[in-house]
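The values are calculated or read from the model by the stated rules, or taken from the named source; none is laboratory data. Source: prediction; values computed, not measured. Cβ coordinates were reconstructed from backbone atoms using ideal geometry, including for glycine residues, and neighbour counts include every protein chain displayed.
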Amino acid sequence: MTPISILTTGAAEKKGVVSPQLLPDWAVLDADLTTGLPKHITAATGVDAMVHAIEAFISKHKKNPMSDALAKEALAHLGANIKTACFNGKDIDARQGMLYGSCLAGIAFANSPVAAVHALAYPIGGHFHVPHGLSNSLMLAHVIRFNKAHCGEMYAELAPLIAPGVNFKGSDQEITEVHRGPPLLTFLFLCISVLVGSCGIFRRSGLGIRPRDKIE
Ligand SMILES: [Zn+2]
């Protein structure tokens, strides 16, 4: 779906190959092939696909109406299915929804590239050997917090797609105070924390990464 391949080079570095020749002629989206994927990998790869769509939508570089539409449709499928896919891995409809959403997100970011979450996640992944989706999930909330003054409303527009049906009533005041953003943006923060927490994704401390660790 994309002209991009990321490779680990040496002991602790990741580099990308970008070429139109990497674009596939065919892509097979067969949910039966994914039912054996463990929960934590389903969660991390699912969040990675969601980050692809989120960053394609937010990206200033090459943002366009077609990638916007693809990103939103991708998030609608990913947000609706990620929890079921994690907690009931044999649910073929949920698995198929994740594959389809991931495919759309790939096309979205092939036309409007990923940004700071991926850029910051690559060194974490390479240095600490953290899987890609997991390193993305560690960076997502921080990048949103950094970007929110410039594109908070765009993030907020995606929130209901990322976690459909999440009711943040009662927590709004508390989260608004923490993040000092508009209500819809605070909703997005809550969605992400609910998503990351409920899907069983590890936090930084659980991966052995300490606050003072440096990447040379
Ligand atoms: Zn990615």
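Listing for the model above:
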item: Enumeration of residues in segment 25-62 that are within 26 Å of E157 (Cβ to Cβ) and either basic (K, R) or touching a Pro at 6+ places or on another chain (Cβ under 7 Å) (or both); result: A44, S59, K60, H61, K62
item: Test: residue in segment 74-85 that is assigned to a loop (DSSP other than H, G, I, E, B) and at pLDDT 90 or above; result: no
item: Criterion (on the phi < 0 side of the Ramachandran plot, in contact with a Ser or Thr (Cβ under 6 Å, 6 or more places away or on another chain) and at pLDDT 80 or above) met by exactly one of S102, S112, S135; result: S112
item: Single condition A69 does not satisfy, out of (1) surrounded by fewer than 16 Cβ atoms within 10 Å (Cβ to Cβ); (2) not in a helix (DSSP H, G or I); result: (2)
item: Selection count where residues are at pLDDT below 90, part of a loop (DSSP other than H, G, I, E, B) and either closer than 23 Å to L99 by Cα or of a type in the set (V, I, T) (or both), scope segment 4-46; result: 1
item: Flag for D48 being more than 16 Å from the ligand (Cβ to nearest atom) and charged (D, E, K, R); result: no
item: Single residue of A80, A74 found to be touching a residue at least 24 places away in the same chain (Cβ under 8 Å) and within 14 Å of the ligand (Cβ to nearest atom); result: A74
item: Condition met for F146 (under 21 Å from K62 (Cα atoms) and more than 13 Å from the chain's Cα centre (by Cα)); result: yes
item: Some residue of segment 91-102 being more than 16 Å from the ligand (Cβ to nearest atom), farther than 22 Å from P20 by Cα and hydrophobic (A, V, I, L, M, F, W, C); result: yes
item: Pair list, Cβ < 8 Å and 6+ apart or interchain, from segment 128-146 residues that are under 19 Å from K14 (Cα atoms) to residues that are outside any helix (DSSP H, G or I) and within 11 Å of the ligand (Cβ to nearest atom); result: H132/I6
